[in-house]
Amino acid sequence: MIERQLDLFSDIDVQTASHAQHSTQRPVIAADLDDAALIAAIPRASLVDSAALAAEAARRRLAAAVPALAALCRRFTGFGADRPVREQESALRALAAIGGPEATQAVSGMIGRAVVQGPTLVIAATAAAQMNATLPAEVLGSLFRHPDPVARAAACRCARPLPEVMTLLVGLLGDHDRTVASSAACALGRMGRSEARPALKKLLREQPSREIVEAVAAIGDEECMVLLGRLARERPAFASAVLDALESIDHPRANVIAAAVRRDAKSAGGRG
């Protein structure tokens, strides 16, 4: 009940607090601050200043700012069930840009502890996927059921090879959103699950991407190898990714097709 009351008034509270703080202070010029001053200003920043400060920390790839950015997010815990919390959004985007183990752990922890919710949770899940974060099975299960397909697709990219997670991923192969279904197939492919093979073959034919090529490598049968070779021949931009995939497949046919891809690449280079 208390948490829900916070949600009911969260947007008013956040906007009022930000406006009051901004009305008594001049906006900071983030680029003029040294690293220490920039970091010190982040946790209690106003709505206007938080975006500029976070963006500057991201621009500098300032790893030392990670705790301050996480503190800014935690300051709004319990808010944002219905509307994005802009301060959290700015901090999350900065953490994703900075990257590294500490930033990845911070984003994963905030998702797991429900520091972010509502629309901002979608931003957090996207950041986690961008950082190749891994999330606990119960958190993944919740994200797999999220109404926003962006969150479901991001969760697929954070999946771990746990039995309960793989079962849910198999279910997502039939998701009505094509991006979610594709992300689930790629996740299962990376885990070596053959259930993803039909979907990945279809994607190789119709919507190839580097992610799909990489996912096929772990479960590629002879038809997959032929499709990879055809992709490299028809779309040379994929040749490097295809070669990496074929070289990871322990099968004589993969070696033959890889040699043909190299010959085609050499021939094309000679003509150029």
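Bear in mind these aren't lab numbers, they're just calculated from the coordinates by the rules spelled out. Please read all numbers here as calculations on a predicted model, not as lab measurements. Please note: Cβ atoms are built from the backbone with ideal geometry, for glycine as well, and neighbour counts cover all protein chains shown.
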Two-site FRET efficiency, Arg235 against Glu164, from Cβ-Cβ distance with R₀ of 30 Å, rounded to 0.05 = 0.20
Size of the dipole of segment 220-272 about the Cα centre, Lys and Arg at +1 and Asp and Glu at -1 on the beta carbon, nothing else charged, in debye to 20?
-> 420 debye
Counting Lys +1, Arg +1, Asp -1, Glu -1, what net charge surrounds His146 among other residues with beta carbon under 14 Å of its beta carbon?
-> -1
Once Arg263 and Asp148 are pulled to full extension, the length gained, defined as 0.36 nm per residue separation minus their Cα-Cα distance, is 36.9 nm
Can you tell me which of 129-142, 182-195, 165-178 comes out highest on packing, and rank the rest after it, using the mean Cβ neighbours within 10 Å?
-> 182-195, 129-142, 165-178
Sum of -39500 (n - 2.57) over DSSP H runs of 4+, divided by residues of the chain (222 nm, nearest 500) = -21500 deg cm²/dmol
For Ala129, what is the net charge nearby, where nearby means another residue's Cβ is under 14 Å from its Cβ and Lys, Arg count +1, Asp, Glu -1?
-> +3
Only Lys, Arg (+1) and Asp, Glu (-1) charged, at Cβ; the chain dipole about Cα centre in debye | 780 debye
Could you point to the label whose value was computed as semi-axes √(5λ) of the Cα gyration tensor in Å for the structure here, given (1) 43, 23, 14; (2) 26, 23, 18; (3) 29, 22, 17?
-> (1)
In whole Hz, the Karplus estimates of ³J(HN,Hα) for segment 80-92 (6.51, -1.76, 1.60; θ = phi - 60°; x where Gly or Pro) are x, 5, 10, 10, x, 9, 5, 4, 5, 4, 4, 5, 5
